[in-house]
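Some notes on the structure that comes next.
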Amino acid sequence: MTENPPRMCPLQLAPRIDFEAVRLPPVFDWLQRAGSVADEEMRRTFNCGVGMVVAVGAADADTIMAELSALGESPFRVGELVAA
């Protein structure tokens, strides 16, 4: 969540991730507590359970989320792209 999204952006854009929006699966909560792992390390190493990030235009976001939901996925917004 901290290294890959910036690499997928053109130089003029940067991701602004809302880590409060990320639904941390229970196993990651346990892992963080049991290993005393800092939030930043959890995001860098484990992606906090987020399997894939898809960047789309704001006008297309609702349509793409509906299509992913229809395919059985559980999409959620993790942030936005902003000017770098």
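Rank the residues MET52, MET1 as a footprinting-exposure proxy: fewest other Cβ atoms within 10 Å of their Cβ go first. Working shown, then result.
Values: MET52 9, MET1 21.
With the sparsest Cβ surroundings first, the list reads MET52, MET1.
For the chain, the longest piece that avoids every one of the GluC sites (Glu not before Pro) found in DSSP loops with at most 16 other C-beta atoms within 10 Å covers 4-72.
Distance between the modelled labels on GLU41 and ALA59, one decimal in nanometres: 4.5 nm (7 Å Cα→Cβ projection).
Seen against the Cα atoms of the chain and their longest principal axis, helix 61-70 is set at about 70 degrees.
Only Cα pairs under 8 Å and 6+ residues apart enter the sum, and on that basis the relative contact order of the chain stands at 50 percent. Give a quick list of trypsin sites (Lys or Arg not before Pro) in segment 1-64 that DSSP marks as loop, anything other than H, G, I, E or B, with at most 16 other Cβ atoms within 10 Å. Here the trypsin sites (Lys or Arg not before Pro) that fit, given the DSSP loop and packing criteria, are ARG23. When only the Cβ of Lys, Arg, Asp and Glu is charged (+1, +1, -1, -1), the dipole of the chain relative to its Cα centre reaches about 200 debye. Positive-end ranking of ALA58, CYS48, LEU31 along the dipole of segment 4-83, with charges on Cβ about the Cα centre, is headed by LEU31.
Computed from backbone phi with θ = phi - 60° and the Karplus coefficients 6.51, -1.76 and 1.60, the 3J(HN,Hα) list for segment 42-54 is 4, 5, 6, 7, 10, 6, 6, x, 6, x, 7, 10, 10 Hz; x is used for glycine and proline.
Which angle between 0 and 90 degrees, to the nearest 10, do you get for helix 26-35 versus the longest principal axis of the chain when only C-alpha atoms count? Orientation of helix 26-35: about 40 degrees from the principal axis.
Bear in mind that the values in this text are calculations on the coordinates, not laboratory data. Predicted model only: the values in this text are computed from it and were never measured. When we count neighbours, we look across all protein chains shown, and the Cβ atoms used for this are built from the backbone with ideal geometry, even at glycine.
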